[in-house]
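The next block holds one structure in the form of structure tokens; read it before the comments.
Every number in this text was worked out from the coordinates using simple rules, so none of it is lab data. This is a predicted model, so every value here is computed, not measured. In this analysis, Cβ positions are derived from the backbone assuming ideal geometry, glycine residues included, and neighbour counts consider all displayed protein chains.
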């Protein structure tokens, strides 16, 4: 099941609310990913973002969650593309101390 729009807020795959500006940046970044990888990346990173937000007891997915999800779920051979897309999209991964060495966790 895909997320839905609800009164201006995005609800992801687990019906969790997303901060609207972060959802917009997430969608922009996903749209720039090669078509072959786009859907699986969208589903995996969306789900992981919500899990990370829940783990920090947040009711809303925020930039920190999305950035951490990309770094935890995207295979390391795709890091350079992911970092370039984050920079183009305005997701500030450096603010969260990422990337963190080779194990990225």
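If you look at just the Cα atoms of region 4-96, how large are its Rg and its Dmax in Å?
That works out to 12.2, 38 Å for Rg and Dmax.
Expressed in nm to one decimal, what extension gain is obtained for the pair residue 15 and residue 62 from 0.36 nm per residue of sequence separation less their Cα-Cα distance?
On the way: separation 47, 0.36 × 47 = 16.92 nm, distance 1.44 nm.
Contour length minus the Cα-Cα distance gives 15.5 nm.
Starting with the fewest neighbours, write out 93, 79 ranked by other beta-carbon atoms found within 10 Å of each beta-carbon.
Working: 93 19, 79 15.
Listing 93, 79 from fewest to most nearby Cβ atoms yields 79, 93.
Need the full-extension length gain, residue 92 to residue 35, defined as separation in residues times 0.36 nm minus the C-alpha distance. One decimal, nm. Please report the intermediate quantities before stating the final value.
Working: separation 57, 0.36 × 57 = 20.52 nm, distance 2.38 nm.
Contour length minus the Cα-Cα distance gives 18.1 nm.
Mind giving me the nanometre distance, one decimal, between the label points for residue 51 and residue 81, set 7 Å out from Cα along Cα→Cβ?
Reported label-point gap for residue 51 and residue 81 is 2.2 nm.
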